[in-house]
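Data first, discussion second: the structure below is written as structure tokens.
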């Protein structure tokens, strides 16, 4: 029997696939920049960014797999992997900022917010029996963090110029959408099985 996906899921899948393509292009761009980099520091930064894009790519594929499996209990491993990879990406982003960029107000606040986001994601990934209401609260907090960071990034980049890192901010919001759909699907699945 053919699976039926809701219009929201279809749109989300299209966005995920689009971001997979964007991240592949970004990774290739960073690798290509390696050959023309002027210093070893620039080369290390470009390789680190390319690696981070590959981790983002794996995270997006995990999100896509979870959506394609319609949030069932047997697909929970994809959801957990998706959340853990988001934490890894957040750590990588903070390290890249601290090591390779000159810290300013935007980057400092961004690093603090990413720290908060990591804690929230770890709670969503590992806290057992969190309950529907608390799970949604943690989701909305993650979404708020990413929205604040996106707005800050737009304001910051409007002054210094937009670059490939902007894709990361958009990816974060689409990833949040996957979390929201996953939570919705998880509790629908539980209700269908008669679980709380």
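By count of other Cβ within 10 Å, fewest leading, how are 60, 181 ordered?
181, 60
In nanometres, what is the gap between the two model label sites at residue 73 and residue 95, each 7 Å from Cα along Cα-to-Cβ?
3.7 nm
Run the Debye formula on the Cα coordinates of the range 42-120, all scatterers equal and no solvent, and tell me log10 I(q)/I(0) at q = 0.16, 0.19, 0.20, 0.24 1/Å.
Each listed q maps to, in turn, -0.67, -0.84, -0.89, -1.07.
Would you mind calculating the relative contact order of the range 7-188 from Cα pairs under 8 angstrom and at least 6 residues apart, reporting the percent as a whole number?
24 percent.
What is the Å³ per residue value for the convex hull set by the Cα atoms of the range 87-196?
93 Å³
How far is helix 7-36 tilted off the main Cα axis of the chain, in degrees rounded to 10, range 0 to 90?
20 degrees
Mind checking the alpha-carbon convex hull of the range 7-188 and giving the volume per residue in Å³?
Residue-normalised Cα hull volume stands at 113 Å³.
Per 0.36 nm of contour for each residue apart, how much would the distance between residue 130 and residue 163 grow if the chain were fully extended, relative to their Cα-Cα spacing?
So the extension gain works out to 8.0 nm.
Just to be sure I understand: with springs between alpha-carbon atoms less than 10 Å apart, which residue in 84, 112, 179 has the highest mean-square fluctuation in the Gaussian network model of the chain?
Among 84, 112, 179, the largest mean-square fluctuation in the Gaussian network model of the chain belongs to 112.
Taking the Cβ-Cβ separation of residue 105 and residue 17 as r and a Förster radius of 35 Å, what is the calculated FRET efficiency to the nearest 0.05?
Taking R0 as 35 Å, the efficiency between residue 105 and residue 17 is 0.45.
Counting other beta carbons within 10 Å of each Cβ, put 35, 171, 93 in order, fewest first.
In increasing order of surrounding Cβ atoms, one gets 35, 93, 171.
Could you work out which residue, out of 69, 40, 32, moves most in a Gaussian network model of the chain, that is, has the largest mean-square fluctuation with Cα springs under 10 Å?
Among 69, 40, 32, the largest GNM mean-square fluctuation belongs to 40.
Tell me what the chain gives for mean residue ellipticity at 222 nm when only DSSP H runs of n ≥ 4 count, each as -39,500 (n - 2.57), the sum divided by the residue total, rounded to 500 deg cm²/dmol.
-30000 deg cm²/dmol
Computed from the coordinates by the stated procedures, all read-outs in this text should not be read as laboratory data. These numbers were taken from a predicted model, which means no experiment stands behind them. Because the Cβ atoms are built from the backbone with ideal geometry, glycine has one as well, and the counts that use them run over all protein chains shown.
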